[in-house]
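Written below as structure tokens is the structure these notes are about.
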Amino acid sequence: MLILGIETSCDETAAAVVADGRRILSSVVATQFELHAQYGGVVPELAARRHLENILPVIQGALDEAGVSGKEIDGLAVTQGPGLIGALVIGMAVGKALALAWNKPLAGVHHLQAHILAAFLTDNPPAFPFVALVVSGGHTNLYQVHDFQQMDLLGRSRDDAAGEAFDKVAKLLRLGYPGGVIIEQLAAQGNSETFPLPRPRILQEPLTFSFSGLKTAVAHQVAKNPEILTNPSLQADLAASFQEAVVDSLTSRAFLALEETGCQRLVVSGGVAANGRLRQVLQEKAAAAGIELFLPPLSLCTDNAAMVAAAGYHRLQAGDRLDLDADVFSRG
Ligand code: KG4
Ligand code: ZN
């Protein structure tokens, strides 16, 4: 069963053709980061307009690369939310129009479920049940995943998402946008033990994340010692100390969730899962604890439409078709 996936929830316009929720025939991603870089973050209005320009060429590219026509696919899947409303409606409108024109079923996909199901697009997919940590620009969520549909939320961030923290700290250190990759590269040259930074915990909610205090602590270090901004070595040390604190917060809770649920498998995905230091610590901890770890390749961790097509396949298999008057949602 061939599904055409469409993703426009944030600043990537993406389309992909996936067979049976498992095999990627094509995956095209048009990123907008250079458009938003000059503003230091995603500007929703500009994102929506760029999606409108890119969406049809990106879809045509995905069909061409897969060697299929619109008539040959069996269904469509579109990200319904969460995300930027103006951006989501572009993908939704195009998905509905193509479903109607080609007379194919349309599935509405939850963006975070799609991030989790990216793990099934690899040669070594996880068995159920497993714990999933989704770490993106907008979310830091821990789930117990029972099957393709049923995912119970175990914990989330009470303030900033992990990716958001990377982006805000990069801005604070005047490093540019998007922050994750820049901080990772800089951190590789720094000493993570130079600056003591907090690992906030909420006593009654051990699986709840919090990153805003960490961001404030970084700002405090910069205020105390403005030389950090002009001294590349200190800048690298602070980037490394920050990255280590985030990695620590993420990995400690993921492994606590494994203990609490008794699950033996861990899936980590979303944009921040592209971080090399996070991947390294996860691998070390998983090996020590005898946990089977599933880390999708980088191109499947950051936003893409192959994961949307995979999630849509399972929705359609479950008989869950989207009505043509369905709306998008920003949160959830
Ligand atoms: O999943 P994603 O592509 O989009 C959302 O759904 O939000 O995640 C984007 C986020 C951004 O905040 C970006 O800074 C972060 O993922 N990110 C990284 C890395 N690559 C992307 N964070 C840390 N290290 C990276 N290598
Ligand atoms: Zn995402």
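The values are calculated or read from the model by the stated rules, or taken from the named source; none is laboratory data. Everything numeric in this text was worked out from a predicted model, so none of it was measured. Cβ: placed from backbone, ideal geometry, glycine included. Neighbour counts: every protein chain shown. The accessibility values were calculated without ligands, DNA or RNA, using every heavy atom of the protein model including side chains. Shrake-Rupley method; radii C 1.70, N 1.55, O 1.52, S 1.80 Å.
Of the whole protein surface, HIS146 contributes about 60 Å² of accessible area at a 1.4 Å probe radius.
The label-point distance for GLN317 and LEU56, in a model that sets each label 7 Å from Cα toward Cβ, rounds to 3.4 nm. What a 1.4 Å probe finds exposed on the chain is 51% carbon and sulfur by accessible area, rounded to a whole percent. Measure off 7 Å from each Cα along the Cα-to-Cβ vector at GLU205 and GLU45, then give the distance between these two points in nanometres to one decimal. With each label point 7 Å from Cα toward Cβ, the separation is 3.4 nm. Across MET1, MET307, MET151, the residue with the most accessible area heads the list, and the full order at a 1.4 Å probe is MET1, MET151, MET307. Distance between the 7 Å Cα→Cβ label points at ASP248 and SER212: 2.2 nm. For the chain, the mean residue ellipticity at 222 nm estimated from helices alone is -14000 deg cm²/dmol, where every DSSP H run of n ≥ 4 contributes -39500 (n - 2.57) and the total is divided by all residues, rounded to the nearest 500.
As a test of reading the structure, rank ASP74, ASP327 by solvent-accessible area (1.4 Å probe, protein chains only), most first.
Values: ASP74 70, ASP327 110 Å².
So the residues, ranked largest to smallest area, are ASP327, ASP74.
Number of Lys-Lys pairs in the range 124-295 with C-alpha atoms under 19 Å apart and a separation of 8 or more places or on different chains: 5.
Each eigenvalue of the Cα gyration tensor of the chain, multiplied by 5 and square-rooted, gives one semi-axis; in descending order these are 34, 23, 16 Å. Length available on full extension from GLU284 to ASP64: 0.36 nm per residue minus the Cα-Cα distance, which gives 75.1 nm. Note on SER233 and GLU259: the extension gain reaches 5.5 nm, defined as 0.36 nm multiplied by sequence separation minus the Cα-Cα distance. Roughly how many Å² of PHE128 are accessible to a 1.4 Å probe, to the nearest 10? About 60 Å², rounded to the nearest 10. Helix 276-289: angle to the longest alpha-carbon principal axis of the chain, degrees 0 to 90, nearest 10? Helix 276-289 sits at roughly 90 degrees to that axis. When both the range 186-240 and the range 102-119 are represented by their alpha-carbon centers, they are found 36 Å apart. GLU259 sits with roughly 150 Å² accessible to a 1.4 Å probe, with DNA, RNA and ligands left out of the calculation.
Please work out the average accessible area per residue across the chain, using the 1.4 Å probe convention, and give it in Å². Don't skip to the answer; put the middle values down first.
Details: 13720 Å² over 332 residues.
On a per-residue basis, 41 Å².
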